[in-house]
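Everything below concerns the one structure shown next.
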Amino acid sequence: MSSRSHSRALWFALVAIPALFIAIGFLQIRIEAETRTVGQQKEELLLRSGLLLKRWSLGYDSLLGDIYWTRAVQYYGARVGHPGEKFVLLSPLLDITTTLDPNLIVAYRFGAIFLSEPMPTGADRSDLAVELVKKGVAANPNSWELSSDLGFLYYWHLKDYEKAAAAYLQGSKIPNAPSWMKMMAAQVSEKGNAFSNSLAIWSELYETTQNEKVKKNAFQHLQSLRALQDTVELNKLAEQYRKQHGGYPSSVKELYDRGLLQGVPLDPAGFPYGFGADGKAQLDPNSPITLPKISESPTE
């Protein structure tokens, strides 16, 4: 590099770096001004583009990411608890922070909490929280914690059990992920009536875990789900019986006697099934098995 080129680069660094931090200073002044005028938040961020800031940072990406994370926390802290507060600049601040430093795990995790909590303790924007954490998962594929956070957002805030189970299951495959991640995937699938998925996950967990408590828990869920599978099939046969004979069977043996069953089935604990007054299949009162709660028939 010629002395002239070196001088230009040095001049650019001496001018650009102070200018960048002056710009950040202006942003802080703007945020503080907003704090004094709560409710008037229509202004835009001074610098909205994290990619542009990254190009200007001259290698100080992580430092700027820390600065913007501090700004985001200050912005949130100054507004939390204020009735009617919408936190309109919170998501852009978090986006800039994580663009500057994609590995700043704390910004994804706590940022998602700030975004997803209902007003006035948060922005009540679970959709934006999901997008933030998905960005974090993409940038940090070995963080099972972020996959867990994503599963929680889908499960608790959005009630999307299919996506929640998928997030937990994906996270469970990450090295050093705790065994409860796979358990959560199975339980959430069960809650969302994804019957086959839940049965497959519990089966895999039972076969692979070395933890006796986890194995026992998985075994209990497998028994419960297999009993549920039996009662679903018995209900179908009972409905067929009703159409043929004008009423529901009073016992499983009636299905056998009418040729609808090849034998009298027992639940996984060895107790016979029965039918209630409503014609629905049920467990023997002495059976130790508990059927999982479902909203309707489980999804195959």
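The values are calculated or read from the model by the stated rules, or taken from the named source; none is laboratory data. All figures in this text were calculated on a predicted structure; none of them were measured in a lab. Here the Cβ positions follow ideal geometry from the backbone for every residue, glycine too, while neighbour counts run over all protein chains shown.
Is there any pair linking a residue in region 209-233 that is among the hydroxyl-bearing types (S, T, Y) to one that is outside any loop (DSSP other than H, G, I, E, B), with Cβ under 8 Å and at least six apart or on different chains, and which? These pairs meet every condition: T209/K215; T209/A218; T231/A281; T231/Q282. A single member of N286, N235, N197 is modelled with pLDDT of 90 or more and within 28 Å of D160 (Cβ to Cβ), and it is N235. Looking only at residues of region 120-142 that are among the basic types (K, R) and not in a loop (DSSP other than H, G, I, E, B), we find that the one that is surrounded by the fewest Cβ atoms within 10 Å (Cβ to Cβ) is K134.
The lone criterion from (1) within 30 Å of S147 (Cβ to Cβ); (2) in contact with a Leu (Cβ under 9 Å, 6 or more places away or on another chain) left unmet by Q210 is number (2). Which residues, taken from region 171-181, are more than 13 Å from the chain's Cα centre (by Cα) and either closer than 15 Å to F152 by Cβ or polar (S, T, N, Q) (or both)? Selection gives N176, A177, P178, S179, W180. Looking for something surrounded by fewer than 16 Cβ atoms within 10 Å (Cβ to Cβ), in contact (Cβ under 8 Å) with a residue 40 or more places away in the chain and in contact with a strand residue (DSSP E or B) (Cβ under 9 Å, 6 or more places away or on another chain) - is there at least one such residue anywhere in region 173-193? Checked region 173-193: no residue is surrounded by fewer than 16 Cβ atoms within 10 Å (Cβ to Cβ), in contact (Cβ under 8 Å) with a residue 40 or more places away in the chain and in contact with a strand residue (DSSP E or B) (Cβ under 9 Å, 6 or more places away or on another chain). Considering the conditions (1) small (G, A, S); (2) over 23 Å from P118 (Cα atoms); (3) under 19 Å from the mean Cα position of the chain (by Cα), S196 is excluded by exactly one of them, (3).
The set of residues in region 217-271 being more than 31 Å from the chain's Cα centre (by Cα) and of a type in the set (S, T, N, Q) consists of N235, Q240, Q244, S250, S251, Q262.
Looking across region 232-255, the residues that are part of a helix (DSSP H, G or I) and either surrounded by 15 or more Cβ atoms within 10 Å (Cβ to Cβ) or on the phi > 0 side of the Ramachandran plot (or both) come down to V232, L234, N235, L237, A238, Y241, V252, E254, L255. Looking at the structure I just gave you, is V264 out of contact with any Phe, Trp or Tyr (no Cβ under 7 Å at 6 or more places or on another chain) and among the β-branched types (V, I, T)? Spelling it out, it is not the case that V264 is out of contact with any Phe, Trp or Tyr (no Cβ under 7 Å at 6 or more places or on another chain) and among the β-branched types (V, I, T).
Taken as a whole, region 119-138 holds at least one residue that is in contact (Cβ under 8 Å) with a residue 24 or more places away in the chain, more than 20 Å from L104 (Cα to Cα) and either of a type in the set (V, I, T) or in contact with a Cys (Cβ under 9 Å, 6 or more places away or on another chain) (or both). Look through region 54-84, keep the residues that are of a type in the set (A, V, I, L, M, F, W, C) and modelled with pLDDT under 65, and return whichever of them is surrounded by the fewest Cβ atoms within 10 Å (Cβ to Cβ). Per the criteria, the residue is L58.
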